[in-house]
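The values are calculated or read from the model by the stated rules, or taken from the named source; none is laboratory data. None of these values were measured; they are calculated from a predicted model. FYI the Cβ positions are ideal-geometry reconstructions off the backbone, even for glycines, and counts take in every protein chain you see.
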Amino acid sequence: MATNLSRDDELRGLLSDIARRQFKSSRQINPQSNLFLTAKYAVDKGYISKAQLDTSFSASLAELNLTQATLTPAGERKLKVLINH
């Protein structure tokens, strides 16, 4: 797993995967992982909707469910910007 990607690179990948409906099941992951932190950032910024992030399991395990996640209009605009850079 790559850990040296920029936030923009991580965000572009996440938004692109959501747009292409690549998330087929929920995942239990480390809440400090790049994927979880990027998904939280995208939710906080209003780029995606219908994402489920649950950190109630433990300090080292969270659930990330993007199976129903969709890009908001802001997320679509952000993805276009990230792709064109």
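Below, the figures for the structure above:
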item: Candidates Gln32, Gln28 - the one that is touching a strand residue (DSSP E or B) at 6+ places or on another chain (Cβ under 7 Å) and at negative phi; result: Gln28
item: Members of the stretch 1-29 that are exposed (fewer than 15 other Cβ atoms within 10 Å of the Cβ) and assigned to a loop (DSSP other than H, G, I, E, B); result: Met1, Ala2, Thr3, Asn4, Leu5, Ser6, Arg20, Arg21, Gln22, Lys24, Ser25, Ser26
item: Residue within the stretch 16-23 that is over 24 Å from Pro73 (Cα atoms), at pLDDT below 95, more than 9 Å from the chain's Cα centre (by Cα) and not small (Gly, Ala, Ser) present; result: no
item: Inter-residue pairs, beta-carbon under 7 Å, first surrounded by fewer than 14 Cβ atoms within 10 Å (Cβ to Cβ) and in the stretch 63-84, second assigned to a helix (DSSP H, G or I), 6+ apart; result: Ile83/Arg12
item: Filter result (at pLDDT below 95, of a type in the set (A, V, I, L, M, F, W, C) and outside any helix (DSSP H, G or I)) within the stretch 30-61; result: Phe57, Ala59, Leu61
item: Residue check for Lys78: assigned to a helix (DSSP H, G or I), in contact with a helix residue (DSSP H, G or I) (Cβ under 8 Å, 6 or more places away or on another chain) and among the charged types (D, E, K, R); result: yes
item: Filter result (within 19 Å of Phe36 (Cβ to Cβ), in contact with a strand residue (DSSP E or B) (Cβ under 7 Å, 6 or more places away or on another chain) and hydroxyl-bearing (Ser, Thr, Tyr)) within the stretch 58-85; result: Thr70
